[in-house]
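Below: the structure, in structure tokens.
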Amino acid sequence: MYNEKLEPGIRAIAIDAANRIKRRKLDLDPVRYENRRDPGSNKLRLVGIESPMHQVLDHICVWCMMDLFNAKIEPCQFASLESMGAVKGAHLIAKWVKQDNDKAWYCTENGYRYSKSTEYYIQGDVRKCYPSMKREVVMKLLEHDISKNDTILWLTNELLSMHEHGFIIGSLLSQFLCNYIMSFCIREAFGMKKERRGKAVKLVHHQVWYMDDFILTGPDSRNLKMAYTRLGKVMKDRFGLELKPARVVRWCEKAPDIMGYVIHSDGTITIRPRNYLKARRIYTRAGNRSTMSLEQAHLVVSYNGFFKNSDCKEESKKLKVEEITNRAKRLISDYDTWRLFQCIPRLSSIPVSPLPSPGS
């Protein structure tokens, strides 16, 4: 929301950032690093904390390269991108599974044949993706794609040179550059083929990437295994990244767990077991109390999306998700209204013009 009172401060920050770039000297505070526990996966991550001006320059750098990112980043990438996200990625996978279930049998010259592009899948992950990213590799790719813009190349190189341990976790620039690098891997995977009986056969039919986590699907387990091996070699040789060991799984035997959801072989979407246990605990505690704290209300509203975007309708009824969520929303709304009125002067102190007389 635009606020005229903030315009002078915004203009001063913009002029300061422009002057730093113009004189080719950023003068930024060093990045501080802290070990923080990821509440979702319970992993200990080394998070970089940037100064405010560092974050401003990150945003400037990203938006200057937005045309490049829009051209390079693939539609099957769903992490840290506008109008994308985990929910959209999970529903896209479910859509592919449902389409396969409807047309698994198709007609050939020798009769009907059964084939599903989602019969098998392999779920991959890059080992320590952000810490393994190398500035030299990224700059070499950017120099090829935006060779004529020396200012953006210099700014990107200067910002990345302040990253001591690969890429900074939590940085906007790191997110987009990671997606940018992964887009090369996606195109490499889609182009993988093998020759069979004189014809070229695709090794990968579908793929979805959520930053460095991804899933590849296909009708042949051997082809998927071959594609994963080739992809690992390409990522190691070109980008210095290492894939974790993975195995090909048949979809009907074990449903994939990715992006917080589990997509089953009939196309239904359920909540990841770990997330469901947390959500059930939150809704049970909130429902058993006559009064709900503001912290509980925010947790209830944040976990409501898992039930809203999955097929767990029976569980939602048992936990009374809709009723408890409405209570939480009313509490948050009342609190926000109360805060708003704390900022408004008392009505008695506001001069009010007298009402006109009836005869006037």
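The values are calculated or read from the model by the stated rules, or taken from the named source; none is laboratory data. Please read all numbers here as calculations on a predicted model, not as lab measurements. Methodologically, a virtual Cβ is constructed for each residue, glycine included, from the backbone with ideal geometry; neighbour enumeration extends over all protein chains shown.
For the range 299-343: of the residues being outside any loop (DSSP other than H, G, I, E, B) and acidic (Asp, Glu), which is farthest from the chain's Cα centre (by Cα)?
This residue is ASP334.
What helices (runs of 4 or more DSSP H) lie completely within the range 1-83 and have 1 or more residues being within 30 Å of ARG187 (Cβ to Cβ)?
Because the criterion is at least 1 residues that are within 30 Å of ARG187 (Cβ to Cβ), the helices (runs of 4 or more DSSP H) in the range 1-83 that meet it are 52-64, 66-72.
Give the range 238-247 a look and list any residue that's closer than 17 Å to LEU216 by Cβ and crowded, with 19+ Cβ neighbours inside 10 Å, or say none.
Matches in the range 238-247: LEU241, LEU243.
Considering every residue within the range 139-158, establish whether at least one is among the polar types (S, T, N, Q) and closer than 24 Å to GLY48 by Cα.
Within the range 139-158, one or more residues are among the polar types (S, T, N, Q) and closer than 24 Å to GLY48 by Cα.
Taking the conditions exactly as written (closer than 30 Å to LYS134 by Cβ, aliphatic (A, V, I, L, M), at pLDDT below 90 and under 22 Å from the mean Cα position of the chain (by Cα)), does MET235 satisfy them or not?
no
Among the residues of the range 279-298, count how many are in contact with a helix residue (DSSP H, G or I) (Cβ under 9 Å, 6 or more places away or on another chain), in a helix (DSSP H, G or I) and among the charged types (D, E, K, R).
So the answer is 2.
Take the conditions without any contact (Cβ under 8 Å) to a residue 24 or more places away in the chain, out of contact with any Ser or Thr (no Cβ under 6 Å at 6 or more places or on another chain) and assigned by TED's automatic domain parsing to the domain that holds GLN77 and apply them to PRO245. Does it pass?
Taking the combined requirement at face value, the residue satisfies it.
Output the residues belonging to the range 133-163 that are assigned to a loop (DSSP other than H, G, I, E, B), surrounded by fewer than 22 Cβ atoms within 10 Å (Cβ to Cβ) and hydrophobic (A, V, I, L, M, F, W, C).
Listed by number, the residues that qualify are ILE146, MET162.
Is it fair to say LYS329 is outside the structural domain of ASN223 (by TED's automatic domain parsing) and at positive phi?
No.
Out of everything in the range 113-153 that is in contact with an Asp or Glu (Cβ under 7 Å, 6 or more places away or on another chain) and farther than 17 Å from LEU231 by Cβ, what residue ends up being modelled with the highest pLDDT?
For the range 113-153, the residue satisfying everything is LEU153.
Is it the case that LYS134 is among the charged types (D, E, K, R), without any contact (Cβ under 8 Å) to a residue 60 or more places away in the chain and in the same structural domain as LEU243 (by TED's automatic domain parsing)?
For LYS134, the condition - among the charged types (D, E, K, R), without any contact (Cβ under 8 Å) to a residue 60 or more places away in the chain and in the same structural domain as LEU243 (by TED's automatic domain parsing) - is not met.
Can you tell me which residues in the range 249-296 are exposed (fewer than 13 other Cβ atoms within 10 Å of the Cβ) and in contact with a Cys (Cβ under 7 Å, 6 or more places away or on another chain)?
Within the range 249-296, none qualify.
Considering the range 1-26 alone, what residues qualify as being modelled with pLDDT of 85 or more and of a type in the set (D, E, K, R)?
ARG11, ASP16, ARG20, LYS22, ARG23, ARG24, LYS25
Could you please find all residues in the range 10-34 being surrounded by fewer than 10 Cβ atoms within 10 Å (Cβ to Cβ), on the phi < 0 side of the Ramachandran plot and out of contact with any Gly (no Cβ under 9 Å at 6 or more places or on another chain)?
Listed by number, the residues that qualify are LYS22, ARG23.
Which members of the range 35-48 meet the condition of being under 17 Å from GLU164 (Cβ atoms) and either modelled with pLDDT of 85 or more or loosely packed, with under 12 Cβ neighbours inside 10 Å (or both)?
Of everything in the range 35-48, just one residue is under 17 Å from GLU164 (Cβ atoms) and either modelled with pLDDT of 85 or more or loosely packed, with under 12 Cβ neighbours inside 10 Å (or both), namely ASN35.
Residues to consider are ASP237, ASP220, ASP212, ASP150; find the one that is among the charged types (D, E, K, R) and closer than 20 Å to TRP96 by Cβ.
ASP220
Determine whether CYS312 is within 27 Å of HIS91 (Cα to Cα), surrounded by 15 or more Cβ atoms within 10 Å (Cβ to Cβ) and of a type outside the set (A, V, I, L, M).
Taking the combined requirement at face value, the residue satisfies it.
Starting from the range 315-337, take each residue that is over 29 Å from PRO273 (Cα atoms) and list its partners that are not β-branched (Val, Ile, Thr), counting only C-beta distances under 7 angstrom and pairs at least six apart or across chains.
TYR335/LEU294
Working carefully through the options SER183, SER171, SER147, SER161, find the one that is free of Cβ contacts under 8 Å to residues at least 12 places away in the same chain and among the hydroxyl-bearing types (Ser, Thr, Tyr).
SER147
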